[in-house]
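Reading through the structure tokens given below for one structure.
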Amino acid sequence: MEYRHDVDVEELCPVCGDKVSGYHYGLLTCESCKGFFKRTVQNNKKYICAENQECRIDQTQRKRCPFCRFQKCLHVGMRLEAVRADRMRGGRNKFGPMYKRDRALKQQRKALIQAGGFRMESSPPLVSSAHQRDSTYTAGLHPLPILSTTPLPTAQNDCISYQIPSLFTLLPSNSPGATQYQCTSSTFSNWTVKSEHTNICTSSPDSAAGIYTDSDEVYSRPFSPHGPMMPQLVMEFMRCDTDELQLRNKISARLQQEQSGCEKHKNLNTFSLMCLMADQTLFSIVEWARRSIFFKQLKVTDQMKLLHSCWSELLLLDIISRQVLHYKEDSVLLITGQEVELSAIASHANPTLASLVQRGQELVERLTILKVDREEFACIKFLLLFNPDVKQLEDHPFIESVQEQAEGALLEYTLCTSSQSLGRFSHLLLFLSELRSLSTLAEDYLYCKHLSGEVPCNNLLIEMLHAKRSWA
DNA sequence: GTAGCCTTGAGG
DNA sequence: CCTCAAGGCTAC
């Protein structure tokens, strides 16, 4: 459509295409999608899709599948946290400045269009590219991307029996309903991809952290019925979390299998065992990401870039959070449930490793004093995963928006739970940057060990170690 | 349950 | 004051 002066720029609802009535919950939407989003979030509605969770949502069909409609609302960037837990009317929220910026950008663009006579379709997205990705709901089939990691090195310590995994094979093939992710050729628009719908509305509680079912009662305060509630997004993050006990059993079984499967394993040293454990934990991290809200909406290429960039941070966070949540002075709790005395580690470690452990332990102690909880760790995981600083992301606006949402959710959560929330919030952000620098050191250490042939050939770990260096 | 219109109230 | 994005109300 050619720009006409009497038609305002882009005034169609990104969810259903109806006429926009203003900014609602983070972006310009129509009145009906505003109401639908509000009802869904306020009443904690659960919908089920009767089809394949890929129903087309437009003005005439939007009533047919609330599940897909809500997924689309989330996908285009409507913000759960903009629905007020206390139901207070009127006033302004924190999105005010964002709306203002967006308006200014739209004005600017309108002026440009008027001046240059540009065609509408070629205009770049302003707030989020997500709605444009969705507006083209069928995917062109394009060649699969080639994994741009260096070839796996030959095993110097070839005692590990399982096949070579690649992050790429872990990501798309195993995700149910996500078979449509394909790399788009550069001649096609970046957002020509069939969107996979997240499943947060119907996700079963058993896939979540076990104890957390799905209601507000998790965080509502008995003494204050209208008081702080668990922010919606934090609830979603918790739903994505891995069940610790299940994971413990799975990894313990896997390690036992590895050890009994091969005679040579009998004398696997502690370091090799730790690497195996890290490798298995990485698998669980990839699985967690794969089933997580927002992440599964990304194209595989972006998923890989994000995971390649933050795997060591997530791994380290996994270890640290376990120590904080089950704090025991002077010992380290492994993912298998075993405890190792800190003094034993110190006596066997070389100076580099000892200093890494020391720094990690300091972080654990600080977080233990802060009493950082599962919910905060869940937010931090998303902050690490959705890192907008990663280079060459195809859907950078979406990833940036998730980062902002996760940060907002964490802030809101600390507001609910702490009397000095700002101090707490900035402590947590500080922790984030310290975790990042520590993970870089740990990664370098591991890479050196790998080069000297001391890391067993547990493939995902090594693939990750190589990936970042080949991306760089 | 949906969606159009109404009321509210902080911020400019 | 006015604006406008929240929540509320209600005919359908």
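Quick notes on this one:
- Principal axis dimensions, the stretch A:394-448 - Cα atoms, whole angstrom, descending: 44, 31, 11
- Computed lengthening from residue A:396 to residue A:246, 0.36 nm per intervening residue step minus Cα-Cα distance: 50.6 nm
- Over 32 Å between alpha carbons, listed pairs A:34/A:371; A:38/A:391; A:45/A:381; A:110/A:381: A:34/A:371; A:38/A:391; A:110/A:381
- Estimated inter-spin distance, residue A:64 and residue A:418, nm [label 7 Å along Cα→Cβ]: 4.8 nm
FYI, it's all coordinate maths here, none of it is from the lab. Owing to the predicted nature of the structure, the values given are computational and were not obtained by experimental measurement. So basically every Cβ, Gly included, is an ideal-geometry build from the backbone, and we count neighbours across all protein chains shown.
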